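Contents: one structure, followed by commentary.
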């Protein structure tokens, strides 16, 4: 009876350790996908065609559609030129990062610096 108990405990421990190891790998994938997405967005919004008098903060609400394109849903910002710039450079632009979940709403905090 003791050996059956010991074998069951060993199996449970092995199974739980393997589950923890798999969760860490999934977390690493999410971080790298977010880093890739951040790099792509910063490249797309690299040089605005207008001058910014003050630093502007905005929150961009978007999804990635099934074609892997940005779809801008809403921009929390009161500056019309910044809003138009973001929409014209991100909306329906196909990205190469395919690890992000499709049709999920993401919120991107964005800072346009004075300059």
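The values are calculated or read from the model by the stated rules, or taken from the named source; none is laboratory data. What you see is a predicted model; the values in this text were computed from it and never measured. Note: ideal-geometry Cβ built from the backbone for every residue, glycine included; neighbour counts use all protein chains shown.
Is there any pair linking a residue in region 57-71 that is on the phi > 0 side of the Ramachandran plot to one that is exposed (fewer than 14 other Cβ atoms within 10 Å of the Cβ) and in a strand (DSSP E or B), with Cβ under 6 Å and at least six apart or on different chains, and which? Correct list of pairs: 68/94. Selection of region 74-96 for residues being surrounded by fewer than 11 Cβ atoms within 10 Å (Cβ to Cβ) and closer than 21 Å to residue 43 by Cβ yields 94, 96.
Restricting attention to region 78-96, the residues that are more than 14 Å from residue 37 (Cβ to Cβ), part of a loop (DSSP other than H, G, I, E, B) and either modelled with pLDDT of 90 or more or out of contact with any strand residue (DSSP E or B) (no Cβ under 6 Å at 6 or more places or on another chain) (or both) add up to 3.
Applying the criterion of being within 21 Å of residue 48 (Cα to Cα) and touching a residue at least 60 places away in the same chain (Cβ under 8 Å) to the residues of region 93-115, the residue that is farthest from the chain's Cα centre (by Cα) is 115.
Within region 50-68, the set of residues being modelled with pLDDT of 75 or more and exposed (fewer than 12 other Cβ atoms within 10 Å of the Cβ) comprises 51, 53, 54, 55, 66, 67. Here is the figure for region 97-106: residues that are in contact with a helix residue (DSSP H, G or I) (Cβ under 6 Å, 6 or more places away or on another chain) and at pLDDT 90 or above total 0.
Within region 97-115, the set of residues being in a loop (DSSP other than H, G, I, E, B), surrounded by 10 or more Cβ atoms within 10 Å (Cβ to Cβ) and in contact with a strand residue (DSSP E or B) (Cβ under 6 Å, 6 or more places away or on another chain) comprises 100, 102, 105.
Taken as a whole, the condition of being in a strand (DSSP E or B) and touching a helix residue (DSSP H, G or I) at 6+ places or on another chain (Cβ under 6 Å) applies to residue 75.
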